[in-house]
Amino acid sequence: MEFLMSIIVGILFTCAVYLILSKSLIRIIIGTVLLGHGSHLLLLTMSGLKSGSAPVLMDNISEYADPLPQALVLTAIVISFGVTAFFLVLAYRAYQELGTDNMEQMRGTESHD
Amino acid sequence: MKKTNDVILQTVTKIISFIIILFSIHLFFAGHYTPGGGFIGGLMTAAALVLLLLSYDIKTMNKILPFDYKRMTAIGLLIAVLTAAGALLFNVPFFTHAYDYFDIPLLGETSLHTAVLFDIGVYLVVIGITMTIIQTIGESE
Amino acid sequence: MSLLHLAIVLPFLAAVFIPFLFKGLRTIHTGWFVLLVPLALFIYFIQYLPLTGGGQTVTKTFQWIPSLGIDFTAHVDGLGLLFALLITGIGTLVVLYSIYYLAKEKEALHNFYVYLLMFMGAMLGVVLSDNLIVLYMFWEFTSISSFLLIGYWYDRERSRYGAQKSMLITVFGGLSMLGGIVLLYLMGGTFSIQELAGMSGTLITDPLFVPALLLILLGAFTKSAQFPFHIWLPDAMEAPTPVSAYLHSATMVKAGIYLVARMSPVFAESGLWLWLVAGFGIFTLFWGSFNAVKKTDLKAILAFSTISQLGLIMSLLGVGAAALHYDYLDENIYMIATIAAVFHLINHATFKGALFMMVGIVDHETGTRDIRKLGGLVTLMPITFTIAIIGSFSMAGIPPFNGFLSKEMFLAAMISIIEVDVFNLNTWGYLFPVLAWVGSVFTFVYSIMLVYKTFLGKAQFEKLPKKPHEAPIGMLISPLILIALVIVFGFFPNLLSNSMIKPAVEAILPALGDAGQEVYVNIYFWHGFTPELFMTLGVVLIGIVLYSTLPKWQGIYNRIPERLTLNGFYDKGLAGSETGGYRLTNGVMSGFMRTYLVYIFSFFVAILLATLFIRGAFLFDTADLAQIEPYEVVLAIVLAASAITILFAKTRLMSFISLGAVGYSIALFFVFFGAPDLALTQLVIETVSVALFLLCFYHLPEISRKEERMGFRFGNALLAVLVGLTVTLLAFSSFSYRSFESISQYHIENVYDLAAGGNMVNVILVDFRGFDTLFEIAVLGVAALGIYAMIRFRAVRSENE
């Protein structure tokens, strides 16, 4: 399972990086979302998968899944939502002000301070 | 824009969002022992509000629920910080929580925990920011 | 927190109230309130005199960051107390003087006094801290306040230049010192100076000893303006004169001397220390006095004179280390150097402080400090003239003032060094008395210049911007007190011997006390016809000859072209680093975000792969793998397919739907992995995100990829695959390769006992790691506010337009 997940994480990262490197703002944003998904899965995979039942205290159960990466990922999910929203608004405001969503045309110039 | 007929959506939403909110509150309080908690509860509540927002419109929403969500975020943050700082009054390090078991009429023996206060802060912040974001974007033309 | 700590931070606390006092009580000069602070502290520190005089020390510890060994330990011994008294004593006089120097109507007094108090507190912190990190912190505080005070008249270009120069040089030294401190910590395992001094014997054999020594000395030399770092001090004279008198002559520049004295117990056994401290000191003495003669600005002369006198004290501290190698002698004659250092330190503060204030008065009353315009002021300013002549004579080493006594001891110490038979001193040591003597001659010359060109000589009042007259009495009080001390210490030097000098020397050379030697301080005028007396006579004779023939040999100063001077190198270096930095930035920063991302991802791949390879972490542990169910494979394929679909999506809608598919698949995976909280969160977030994307949909353009050429896409794809591969390897390696036990077990075991909860994830969030959550919701709040600001503030702007 970990092997499969490692590959999935790799695919997610590949797609994310490819999108982030492109020139279109929207694709970059989608790339960051994918990057977030990839790192969430990576965190879980690192600590080992399915090592026990859900980390909720119950009688007669001593093996639990690792709760720490879950807590980390939970915060990460919410944070990446906030960041995505921020990016989206940034992108649409930039598009409104500059009239382009092409990163190459957005680069600052010498005269532009 | 052409006036669309979404009576069915609006009627269903009224009931559904009410149920979702109730469920989210349950999730919030159950969070200490079973899955749930401030984040999930807050998100669930926010989702219900978003649903309402989508089926009605912003003006109606503001009339029904006249909250300032930015203020809600601030209050949530304040509650969280004060809960954490409250520990200092009892001469224990910042963020030390306390709990005890109380015998409350009707409910029986219940444990009361200061972590719930902190979670209320989280809950309010999550609703506050989600709604601030959605509402602000929705209002911009 | 003891009263002692409170005394150190009192100036900082007082500084908070200064702006309010300035704004609220405009009619009273703010300086009167400030005056109370150093005065109270001076009286407070006086109480410690009997204690340290009896050989005792006081140590009070306030736990600050105990886990890193950083405690705010206040340590009062002879040396620290001497400096504390200088700082508060001279501070009182300087504040009093400044009340008359800076007009309350014109100047930004609230800034001035805040900086000054900040400096005072920082300086007290430096001299009374036992912990090196705390000392360093206060040390940098003095650099910052000095920067602010030099740039006090920030609308003048020279002020800004001087402020920047002093900041660059002293902070460079400060950072080197921090490096030295860290090395000391690595060697000794403590930041406490007292403890380090105790293990000096073992430290000296450590390979890090020499680097630590060099770095610490770099800090001391830059602060105390030793050659070749002295160039900042003359430019620092752009500060208001009270500041020059206080920071750049009496106290701050002596912080370097303090550091050398304070670290002597740790380093002084080493021959390198002796040679470096004494060598740089004596050369600085010569160079400073030599250069002072060519200056025409009174403050510039005093600046170079300060450099030279600092060199003098520094060289004495270096030579004093020789005493450690003679701790078997009955009467250790080498101890005289350290005694002279401490004595001259006090003397220099008195006469140089008075001279600076004298120059301030001349500047204030005539409008110029240029000796080519001044002259014949003696009839108009008799009191100022008295201050000048006594101060200058003391500085030149002419009896009966205190400068003569310490100068004689200095010369005696320099002669004695010839007889030291360690570290090749008996051969090269001859340079010391020679340079000392030459430096003294030039000191004599500029001292005479100072008095003669200003107060005697031909009167040329028509060249002065203002009509000169004697200064108001308030301005004269402080220099008169200092001059009175010059005379008192000249006639009764032994007032200081046992109360201040002896405890300070004992603190600098504790090893002698341990060896059973007693520091014996007895200073007197007449030593008989000793070599140093003849040297002084020679200084006076040659000095008078040189002064009267000054115009004939002044030409030698113009021999060195401007670009070869140290200042030339500094300016060129600064300009060079600016253009170089600009060029580098332009080369690397294209302004195109992809370029930066390519840097980031390339380094990410390179560093991670290299680390994995070097640490041999390519490990595939298959023993502990979880079971794969068929439906999981299906889900994985769906997930991968949706992710790849996004790459080829032609429309926005298509991308968003695929993105949603990825999100929901991940939520399902969370379910399989036993993470109900995550699954719930992911589901709700995904739903809210859909609403978010729908709302933004309206505002965003369609995806266009026309500009992207094949080469561009191929390069991106290559890098993307590399990153993906690295992450895959990393994921598997980190699962298989565990270098330490996870802390998760702690959370699992204590969730009920410590936090009375059942849901571990939530308990971690709100209790065990509540700090993270607190910051996280704060970040979320910031993001929401940012979005609000981006959308709403535009509306406000367009309404205004």
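Please treat every number below as a calculation from the coordinates, not as lab data. This is a predicted model, so every value here is computed, not measured. All Cβ positions, glycine included, derive from the backbone under ideal geometry; neighbour counts span all protein chains shown.
Are there chymotrypsin sites (Phe, Trp or Tyr not before Pro) in the stretch C:319-391 that DSSP marks as loop and that have at most 14 other Cβ atoms within 10 Å, and which are they?
Those that pass, being in a loop and sparsely packed, are C:328.
Around residue B:118, with a cut-off of 13 angstrom between Cβ atoms, what is the net charge of the other residues, counting Lys and Arg +1 and Asp and Glu -1?
-3
Measuring from the lowest to the highest alpha carbon on each principal axis, how far does the stretch A:54-113 reach, largest first, in angstroms?
That gives 69, 21, 17 Å along the principal axes, largest extent first.
Please give me, ordered by residue number, the trypsin sites (Lys or Arg not before Pro) of the stretch C:256-322 that lie in loop per DSSP and have at most 15 other Cβ atoms within 10 Å. Spell out each step's value before the answer.
On the way: sites: C:262, C:294, C:295, C:299; in loops: C:294, C:295.
Passing sites in the stretch C:256-322 are C:294.
Counting only other chains, what is the mean number of Cβ atoms within 10 angstrom of the Cβ of each residue in peptide C:709-718?
Taking the mean over all residues of the peptide, I get 2.
In the stretch C:485-542, which GluC sites (Glu not before Pro) are in a loop and have at most 15 other Cβ atoms within 10 Å, using DSSP for the loop call?
Those satisfying the criteria are C:518.
Mind pulling up the Rg/Rh value for the stretch B:16-56? Radius of gyration and Kirkwood radius, both on Cα.
1.04
Based on alpha-carbon atoms only, what is the radius of gyration of the protein assembly as shown relative to the globular estimate 2.2 N^0.38 Å?
Cα Rg divided by the expected 2.2 N^0.38 Å: 1.20.
Beyond a 25 Å Cα-Cα separation, which of these cross-linked pairs lie in this structure: C:223/C:299; C:352/C:453; C:294/C:373; C:165/C:552; C:299/C:373?
Over 25 Å apart, Cα to Cα: C:165/C:552.
Just want to confirm a number: the relative contact order over chain C, from Cα pairs under 8 angstrom separated by 6+ residues, in percent. If you can, show how the numbers build up before the last one.
Numbers: 1085 pairs, mean separation 78.9, N = 801.
Once normalised by length, the contact order is 10 percent.
Go through B:120-132, C:72-84, A:44-56 and give me the packing order, highest mean Cβ count within 10 Å leading.
On the way: B:120-132: 27.2, C:72-84: 24.5, A:44-56: 21.0.
For the peptides B:120-132, C:72-84, A:44-56, the packing ranking is B:120-132, C:72-84, A:44-56.
Taking neighbour Cβ counts within 10 Å as the exposure measure, how do C:632, C:195 sort from fewest upward?
C:195, C:632
Starting from the eigenvalues of the Cα gyration tensor, five times each then square-rooted, give me the equivalent ellipsoid semi-axes of the stretch C:510-577, largest first, whole Å.
In descending order, the three semi-axes are 42, 29, 7 Å.
Along the stretch C:146-153, what does the Karplus equation 6.51 cos²θ - 1.76 cosθ + 1.60 (θ = phi - 60°) give for ³J(HN,Hα), rounded to whole Hz, x for Gly and Pro?
With the stated coefficients, the stretch C:146-153 comes to 5, 4, 5, 6, 5, x, 4, 8 Hz.
Which whole-angstrom value gives the distance between the alpha carbon centres of the stretch A:23-98 and the stretch C:193-227?
One Cα centre to the other: 50 Å.
One quarter of the convex hull surface, Cα atoms only: what value does that give for chain A in nm²?
Projected area, direction-averaged: 9.0 nm².
Let me check I have the definition right: for the stretch C:155-286, take the eigenvalues of the Cα gyration tensor, multiply each by 5, take square roots. What are those semi-axes in whole Å, largest first?
Its equivalent ellipsoid spans semi-axes of 30, 15, 12 Å.
Across 5 Å bins from the origin, how do the percents of Cα pairs in the stretch C:1-102 run, short distances first?
Distribution as computed: 2, 11, 18, 19, 16, 13, 10, 6, 3, 1 percent.
Got a sec? How would C:629, C:269, C:776 order by Cβ neighbour count within 10 Å, fewest to most?
The order, fewest Cβ neighbours first, is C:629, C:269, C:776.
Based on alpha-carbon atoms only, what is the radius of gyration of the stretch A:30-87 relative to the globular estimate 2.2 N^0.38 Å? Intermediate results must be reported in sequence, preceding the final value.
Numbers: Rg = 13.9 Å, N = 58, 2.2 N^0.38 = 10.3 Å.
After normalising by residue count via 2.2 N^0.38 Å, the value is 1.35.
Please provide three numbers in whole Å: the alpha-carbon extents of the stretch C:743-801 along the principal axes, with the largest listed first.
Dimensions of the stretch C:743-801 along the principal axes of its Cα atoms: 63, 18, 12 Å.
When only C-alpha pairs under 8 Å and at least 6 residues apart count, what is the relative contact order of the stretch B:7-139, in percent? Before the final figure, lay out the partial values.
Values: 167 pairs, mean separation 39.1, N = 133.
Relative contact order, the stretch B:7-139: 29 percent.
Could you work out the relative contact order of chain A? I mean the mean sequence separation of Cα pairs under 8 Å and 6+ apart, divided by the number of residues, in percent.
About 26 percent, as a whole number.
Pop a pseudo-label 7 angstrom from the Cα along the beta-carbon direction at both residue C:611 and residue C:28 and give the gap in nm to one decimal.
Here the modelled spin labels are 6.1 nm apart.
Hey, which lysines would be in cross-link range of residue C:104, C-alpha to C-alpha under 19 Å, not counting anything within fewer than 8 residues on its own chain?
Filter leaves C:23.
Once phi is turned into θ = phi - 60°, what whole-Hz ³J(HN,Hα) does the Karplus curve with 6.51, -1.76 and 1.60 give for every residue of the stretch C:77-89, x standing for Gly and Pro?
10, x, 5, x, 5, 4, 5, 4, 5, 4, 4, 6, x
Can you sort C:499, C:145 from fewest to most other Cβ atoms within 10 Å of each residue's own Cβ?
Starting with the residue having the fewest Cβ neighbours, the order is C:499, C:145.
What do you get for Rg/Rh of the stretch B:7-139 when both radii come from the Cα atoms and Rh is the Kirkwood radius? Please report the intermediate quantities before stating the final value.
Values: Rg = 17.2 Å, Rh = 16.3 Å.
When Rh is taken as the Kirkwood radius, the ratio is 1.06.
Longest exposed-loop-site-free stretch of chain A, with GluC sites (Glu not before Pro), DSSP loop and at most 14 other Cβ within 10 Å?
Result for the longest clean stretch: A:1-62.
Can you pull the one-decimal nm distance between simple spin-label points at residue B:11 and residue C:59, each 7 Å off the Cα toward Cβ?
8.5
To the nearest 0.05, how large is the calculated FRET efficiency for residue C:740 and residue C:584 if R₀ is 35 Å and r is the Cβ-Cβ distance?
Efficiency, from the Cβ-Cβ distance: 0.30.
Which whole number in µm²/s is D for the stretch C:497-549 by Stokes-Einstein, with the Kirkwood Rh taken over Cα pairs at 20 °C and 1.002 mPa s? Please list the in-between numbers first.
On the way: Rh = 14.1 Å.
My calculation gives 152 µm²/s for D.
Let me confirm one metric for peptide C:752-758, namely the mean number of other chain beta-carbon atoms within 10 Å of its residues' beta-carbons.
Across C:752-758, the average partner-chain Cβ count within 10 Å equals 6.
Provide a whole-number value for the mean count of partner chain Cβ atoms within 10 Å of the Cβ atoms in peptide B:113-120.
Mean shielding count: 4.
Could you check the spin-label model distance between residue C:525 and residue C:294? Points 7 Å from the Cα along Cα→Cβ, value in nm.
Reported label-point gap for residue C:525 and residue C:294 is 3.9 nm.
Write down the radius of gyration of chain C and its Dmax, each obtained from C-alpha positions, in Å.
Answer for chain C, Rg first and Dmax second: 34.3, 108 Å.
Considering amide H positions built from the backbone, and no H for Pro or chain starts, which residues 5 or more places from residue C:129, or on another chain, come under 5 Å of its amide H?
So residue C:129 has HN proximity to C:75.
Given the -39500 (n - 2.57) contribution per DSSP H run of 4+ residues, what per-residue ellipticity at 222 nm results for chain B, rounded to the nearest 500 deg cm²/dmol?
Result for chain B: -23500 deg cm²/dmol, rounded to the nearest 500.
What number do you get for the stretch C:578-710 when its Cα radius of gyration is normalised by 2.2 N^0.38 Å, N = residues?
Normalised by 2.2 N^0.38 Å, the Cα Rg of the stretch C:578-710 equals 1.49.
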